[in-house]
Amino acid sequence: MAKYLLLLLVLAAATVGGLAYNYQRNAYLEADLHKPRPYATIPTAELPKLIAAYAADIKRRKGGISAGPTGAEAIDRRDDSDVGGKADAFAGFQRQNENWKRQRGQVMEQEVELQKLQFEKSIRDRHLDDPKYVFKLRLLTF
């Protein structure tokens, strides 16, 4: 009887040790939870709507700024002796270019926010926001 009790104790210790090792080995499964999550408080039902709205706004804004400013033809239309006119045309091009860069920067910022929203959605789609599920996943994934 003592042999069976000792065998049972060794098997239980080996099982617990193996599960603990497996739990630590699968720590990468919840690595995304340790990254910044600015949209963690948004309800899950609202995420797809927000993602669709951001994507539509980005698409609309990209259409307006798809082509960069072209000021070369305005400068070339001036006569070579009209240095002041060429300088004014170049200044106008610079203003147009700065406006385009500002608008493009705003679109890029929106694209970054869209990526953050999609990252949050991927966490929720994988059910990583449920601590019980993550515990089971880390413990029982071989």
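Only the coordinates and a few stated rules stand behind these numbers; no lab work does. Computed from a predicted structure; not experimentally measured. Cβ atoms come from the backbone with ideal geometry, glycine included; neighbour counts cover every protein chain shown.
Go through the residues of segment 115-130 one by one and say whether even a single one is exposed (fewer than 12 other Cβ atoms within 10 Å of the Cβ) and among the basic types (Lys, Arg).
There is no residue in segment 115-130 that is exposed (fewer than 12 other Cβ atoms within 10 Å of the Cβ) and among the basic types (Lys, Arg).
Would you check if Val83 is under 30 Å from His127 (Cα atoms), loosely packed, with under 11 Cβ neighbours inside 10 Å and among the aliphatic types (A, V, I, L, M)?
Taking the combined requirement at face value, the residue does not satisfy it.
If you check Ile58 against the conditions, is it surrounded by 10 or more Cβ atoms within 10 Å (Cβ to Cβ) and either out of contact with any Leu (no Cβ under 6 Å at 6 or more places or on another chain) or outside any helix (DSSP H, G or I) (or both)?
So Ile58 fits the description; yes.
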